[in-house]
Structure formats: C-alpha cells, structure tokens
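Notes to accompany the following structure.
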Amino acid sequence: MTAYDSVQRLGSHQNVITTRLNEGIGLSHKHVKILSTDLFPNGYQYHHERSYMKRLREKQVNPYNFHMCWTQGKKDKLLYLNKSKMWYLTAECSVEGTLTSSGSLFKTFESSGVNGWSNIFSTCCTSMPDAP
C-alpha cells in the first residue's frame, strides 16, 4: 500500500517485498540463508530453467515444495503444477471451490463430523514421492 510506485517500477509486489526484506536484514545485521531452488523451486524455474524442468521430469531432483510464483492466476498455476507432476490432489479435490466452506466436498466432510474430516487425506491426496 505504501509502495505503489515501487511496484510499478520493479514489476511486482514480490520484488518490492524482497527489496524491503534485504534492506531490513542489512540494517539489523542479521544473516539469511537462502533455500536451494533445487529443493524449493518456483515459477521462475518453470518458465525459464528448461534444464531444471527436464531434471524434475526425469526425477533427478525431488523438491519439497514448488511455489508457482511468476505465474498469474490459479488456473494456470494448477495446470503448470500438474504438468510438473507436482500436484498431489485427486481430480475430485482439485476442482476449484470444492474445499472452500461453500464447496461440495467441504460440506460432505463437515456433515460427517470428525470422522469425515479424518477421511480428507485418503479422499484428496495422491501418493507423494519420498522426500529427498
């Protein structure tokens, strides 16, 4: 809200936050460790690092998380995460809105009480690869 001009100049709110974090860290004399983009990739790798995406598809890297920044809109993010084999929800649970408070699956789990919510993992999650 206080950096509209910076957002316009730097191209995104994320760039402004990064700049402000760097300033704050520098002023406080703290040290920061940056997470490996092999283990915590983002949308930049998806859009600009073809060699990384090839290694991902060939299971030469096995990231913990794939944060799809650099991608506008939820629909594209879900599509790209699916293509990357980094989406671990079943098709039933991937439909937009199904797990929101007004969504069909949410209502099903909620109406079944605690036992219903205990089934969310078996209903929604696909098998995930082993952690690196």
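Numerical summary
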item	result
Among the candidates T108, T98, residue that is in contact with a helix residue (DSSP H, G or I) (Cβ under 9 Å, 6 or more places away or on another chain), in a helix (DSSP H, G or I), among the β-branched types (V, I, T) and over 30 Å from T2 (Cβ atoms)	T108
Single condition F121 does not satisfy, out of (1) of a type in the set (A, V, I, L, M, F, W, C); (2) under 28 Å from I17 (Cβ atoms); (3) surrounded by fewer than 11 Cβ atoms within 10 Å (Cβ to Cβ)	(2)
Number of the condition not met by I34 [criteria: (1) within 24 Å of G11 (Cα to Cα); (2) surrounded by 12 or more Cβ atoms within 10 Å (Cβ to Cβ); (3) hydrophobic (A, V, I, L, M, F, W, C); (4) out of contact with any helix residue (DSSP H, G or I) (no Cβ under 8 Å at 6 or more places or on another chain)]	(2)
Breaking point among (1) without any contact (Cβ under 8 Å) to a residue 12 or more places away in the chain; (2) within 29 Å of Q14 (Cα to Cα), for E58	(2)
Helices (runs of 4 or more DSSP H) wholly inside region 1-86 that include at least 1 residues being touching a strand residue (DSSP E or B) at 6+ places or on another chain (Cβ under 8 Å)	43-48
Condition check for T100: surrounded by 13 or more Cβ atoms within 10 Å (Cβ to Cβ) and without any contact (Cβ under 8 Å) to a residue 60 or more places away in the chain	no
Test: residue in region 72-82 that is of a type in the set (D, E, K, R) and either touching an Asp or Glu at 6+ places or on another chain (Cβ under 6 Å) or over 27 Å from S6 (Cα atoms) (or both)	yes
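Every number in this text was worked out from the coordinates using simple rules, so none of it is lab data. All of these numbers come straight from a predicted model, not from anything done at the bench. So basically every Cβ, Gly included, is an ideal-geometry build from the backbone, and we count neighbours across all protein chains shown.
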